[in-house]
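**Q** Below is the structure I would like to discuss, written out as structure tokens.
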Amino acid sequence: METKDFTLHREGVDGDFDVTQYGTAGRPVIAFPEGDSSCASWGEGGMVDALAGLIDAGRVRLFCVDSADDASWYAGYAPADYRLTSLGGYFDLVENELAQLVRNKAPDAGAPIVVGAGLGALNATIAMLRKPSLYGGLLALSGTYDAAWVVGDAMSDAWRAFSPVDLVRGLGDNPLLVKALSGLQLAFVCGTGAGEEGGQTQRTLQGELEAAGVGATFEYWGADVDHSWNWWQEEARQLLPCLLEEGGLQRRHAASVVGDARAAAQSASADVAGTGERLEQAKERLAQMHDALAAAEERTKAEQQSVAEHAKEAERLAAAARDAWAEKDRIAALLEDAIRKGNEAQVEADKAAAELSSAQWIAGEAEAAVSSARSEQAAAEDEVARAEEAVEVARAREAEAKARLQAVLDEASEKEPATAAPAKKTTAPAKKPATRKKPATAKKASAGAKKPSTGTKRSSRARKSSGNQGAAR
């Protein structure tokens, strides 16, 4: 691939601008740089290699030119007048010195096509809108076409002269410009992936061109297409050949429509081919579903009947359960009351049993004393002493028993014969132990006689009566 280098200069514009030409035959293509403002941008970005087939085949000769981006678009630190003057002077150079260079190097190859990627797409579009008569077509890749997106708060009417969206809005007042643009092939391409924020301004520009009646091609590639040289290479390989041929973009669009239609037709044919089988399968499934539905309806009716019966039974059981719980609560209350009363009665019974046992023990002692008095009249005094001793013990445990015993002893004393009392025993009577055991003599006198059962209840009146009878005998 043959290359040539040139340097351009314009009076009133700061600096020189280098141009590198690739190829010696074919349609001239002016490429605006991206990022570094250098004519080497396209070579370093792989774009020259991507178009090498067209260049080597003599279909394209590529003119890569420096830009004034560093002194204009990127010079946010500089005064607005300086930036705008630099940008205006640059496009004057493009429209004069660069255009003349291209005409000299390709005098019979037709009007040049302007191309650019990124910020280069913005510059290429501005060049086309300023002087469409100088060019034969436009290929703009991933551009930002609203100057406000680039200069931000510095936006003014002066900047709008370099803003494609604003320039197109004024086309209605310039029918000659509309006519000139309408006769050219204009292509705008961007992805929808990372970094392609300018796609929104491309849609705005599309709407403005359509409103002005200017036909152009707008393509929006997939979400995997990002803001990178790799995708710009592919986009240029596909779109630039279309711009080299009259009606190339229209044929590309038609081919795309036909391709989409063909793909849709093939898909439809495949769908139709399988429709019969799917229809039969659907009918079979429908019949199966109909049978299943009928069976399900029968089961549903049976289940509904069963549910109704179970619901009725559940209600009956719930009512019975409520009644049972109410009865349980009533019985529990009665049981609690009965237990309380039983406990109270038990306390009273225990108390009565204790008193009965004590009384029976005392009565037993009294009966033993009476029996001793009956059987040993001769030792009455002695027996009385022992009885008195027993009475003393009984008095300590039960006052009533003591009174009864004393009455018995008194009655026994009154019944003694008038004869001289028998001689008292010289020995002192034995003292009764502290326990409730019977005296030794009383035990002898009552040998063979059983102690009254604790279970036998006798009234004090009965005991008193029997004591009197014993004394009388």
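The values are calculated or read from the model by the stated rules, or taken from the named source; none is laboratory data. Given the structure is predicted, the values throughout are model-derived calculations rather than measurements. Cβ sites come from the backbone with ideal geometry, for glycine too, and all protein chains shown count toward neighbours.
**Q** Filter the stretch 374-398 for residues that are surrounded by fewer than 19 Cβ atoms within 10 Å (Cβ to Cβ) and small (Gly, Ala, Ser); which is modelled with the highest pLDDT?
**A** Top of the filtered list is Ala396.
**Q** Determine whether Arg262 is surrounded by fewer than 13 Cβ atoms within 10 Å (Cβ to Cβ), more than 46 Å from the chain's Cα centre (by Cα) and not assigned by TED's automatic domain parsing to the domain that holds Leu184.
**A** Spelling it out, Arg262 is indeed surrounded by fewer than 13 Cβ atoms within 10 Å (Cβ to Cβ), more than 46 Å from the chain's Cα centre (by Cα) and not assigned by TED's automatic domain parsing to the domain that holds Leu184.
**Q** If you don't mind, another one. Only residues in the stretch 169-195 that are buried (at least 21 other Cβ atoms within 10 Å of the Cβ) count as the first member; pair them with residues that are of a type in the set (A, V, I, L, M) and part of a strand (DSSP E or B), Cβ under 6 angstrom, at least 6 apart or cross-chain, and list the lot.
**A** Qualifying pairs under 6 Å: Leu186/Leu138; Ala187/Leu139; Phe188/Ala140; Val189/Leu141.
**Q** What about His253, is it in contact (Cβ under 8 Å) with a residue 24 or more places away in the chain and more than 44 Å from the chain's Cα centre (by Cα)?
**A** When the stated conditions are applied, His253 passes them.
**Q** Now for a different question. Within the stretch 83-142, track down each residue that is closer than 22 Å to Trp159 by Cα, outside any helix (DSSP H, G or I), of a type in the set (A, V, I, L, M, F, W, C) and in contact with an Asp or Glu (Cβ under 9 Å, 6 or more places away or on another chain).
**A** Within the stretch 83-142, Ala117, Leu141 qualify.
**Q** Which residues, counting only those in the stretch 16-30, are of a type in the set (Gly, Ala, Ser) and touching a Ser or Thr at 6+ places or on another chain (Cβ under 9 Å)?
**A** Scanning the stretch 16-30 gives a single hit, Gly23.
**Q** Taking the condition of being part of a helix (DSSP H, G or I) and either of a type outside the set (Gly, Ala, Ser) or closer than 30 Å to Val60 by Cβ (or both), how many residues in the stretch 149-179 meet it? Can you show your working first?
**A** We begin by selecting, within the stretch 149-179, every residue part of a helix (DSSP H, G or I); these are 149-154, 157-160, 164-169, 171-173, 175-179.
Those left that are additionally either of a type outside the set (Gly, Ala, Ser) or closer than 30 Å to Val60 by Cβ (or both): 149-151, 153, 157, 159-160, 164-169, 171, 173, 175-179.
The qualifying residues number 20.
**Q** So in the stretch 15-43, with the set limited to residues that are in a loop (DSSP other than H, G, I, E, B) and among the polar types (S, T, N, Q), which one is modelled with the lowest pLDDT?
**A** Filtering the stretch 15-43 for residues that are in a loop (DSSP other than H, G, I, E, B) and among the polar types (S, T, N, Q), the one modelled with the lowest pLDDT comes out as Ser37.
Residues checked against (1) touching a strand residue (DSSP E or B) at 6+ places or on another chain (Cβ under 8 Å); (2) of a type in the set (Asp, Glu):
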site: Ala75; (1), (2): no, no
site: Asp81; (1), (2): no, yes
site: Asp92; (1), (2): no, yes
site: Leu101; (1), (2): yes, no
site: Ala121; (1), (2): yes, no
site: Gly152; (1), (2): no, no
site: Ser163; (1), (2): no, no
site: Val168; (1), (2): no, no
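**Q** Related question: Restricting to the stretch 44-53, and then to whatever is of a type in the set (A, V, I, L, M) and either modelled with pLDDT under 95 or surrounded by 21 or more Cβ atoms within 10 Å (Cβ to Cβ) (or both), can you tell me which residue is nearest to Gly143 (Cα to Cα)?
**A** Met47
**Q** Among the numbered conditions (1) out of contact with any Cys (no Cβ under 8 Å at 6 or more places or on another chain); (2) of a type outside the set (Lys, Arg); (3) surrounded by 11 or more Cβ atoms within 10 Å (Cβ to Cβ), tell me where Gln305 comes up short.
**A** Condition (3) is where Gln305 drops out.
**Q** So how many residues does the stretch 40-89 have that are touching a Ser or Thr at 6+ places or on another chain (Cβ under 8 Å) and polar (S, T, N, Q)?
**A** Residues flagged as touching a Ser or Thr at 6+ places or on another chain (Cβ under 8 Å) and polar (S, T, N, Q) within the stretch 40-89 amount to 3.
**Q** Also, quick follow-up: Could you give me the residue pairs with C-beta distances under 6 Å whose first residue belongs to the stretch 127-139 and is under 20 Å from Pro241 (Cα atoms), whose second residue is of a type outside the set (A, V, I, L, M, F, W, C) and not in a loop (DSSP other than H, G, I, E, B) wherever it lies, and which are 6+ apart or on separate chains?
**A** From the stretch 127-139, the pairs are Gly137/Gln185.
**Q** Is it the case, given these coordinates, that Asp146 is out of contact with any His (no Cβ under 7 Å at 6 or more places or on another chain) and in a loop (DSSP other than H, G, I, E, B)?
**A** It is true that Asp146 is out of contact with any His (no Cβ under 7 Å at 6 or more places or on another chain) and in a loop (DSSP other than H, G, I, E, B).
**Q** Same structure again: Out of Leu62, Leu87, I need the residue that is aliphatic (A, V, I, L, M), closer than 22 Å to Val151 by Cα, buried (at least 22 other Cβ atoms within 10 Å of the Cβ) and in the same structural domain as Leu240 (by TED's automatic domain parsing). Which one? Steps first, answer last, please.
**A** Details: Leu62 fails: closer than 22 Å to Val151 by Cα.
The unique qualifying residue is Leu87.
Let's see how each residue does on (1) modelled with pLDDT under 95; (2) under 60 Å from the mean Cα position of the chain (by Cα):
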site	(1), (2)
Cys64	no, yes
Ser72	yes, yes
Asp92	no, no
Glu95	no, no
Arg103	no, no
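**Q** Report yes if some residue within the stretch 242-256 is part of a loop (DSSP other than H, G, I, E, B) and in contact with a strand residue (DSSP E or B) (Cβ under 7 Å, 6 or more places away or on another chain); otherwise report no.
**A** yes
**Q** Sticking with this structure for a sec: Hey, could you check the stretch 130-146 for residues that are aliphatic (A, V, I, L, M) and crowded, with 24+ Cβ neighbours inside 10 Å and say which is farthest from Gly198 (Cα to Cα)?
**A** In the first step, residues of the stretch 130-146 are kept if they are aliphatic (A, V, I, L, M); the result is 134, 138-141.
Checking the rest, the ones that are also crowded, with 24+ Cβ neighbours inside 10 Å come to 138-141.
Details: Leu138: 17, Leu139: 15, Ala140: 12, Leu141: 10 Å.
Looking at the filtered set, the residue picked out is Leu138.
**Q** Among the residues of the stretch 68-82, write down those that are closer than 18 Å to Met128 by Cα and either charged (D, E, K, R) or part of a helix (DSSP H, G or I) (or both).
**A** Within the stretch 68-82, just Asp69 meets the criteria.
**Q** When the residues of the stretch 123-161 are filtered to those that are polar (S, T, N, Q) and either modelled with pLDDT of 95 or more or over 56 Å from the mean Cα position of the chain (by Cα) (or both), which remaining residue is farthest from Gly35 (Cα to Cα)?
**A** Among them, the one singled out is Ser133.
**Q** Next question, about the same structure. Can you tell me which of (1) crowded, with 24+ Cβ neighbours inside 10 Å; (2) charged (D, E, K, R); (3) farther than 22 Å from Leu8 by Cβ is the one Asp56 doesn't meet?
**A** (1)
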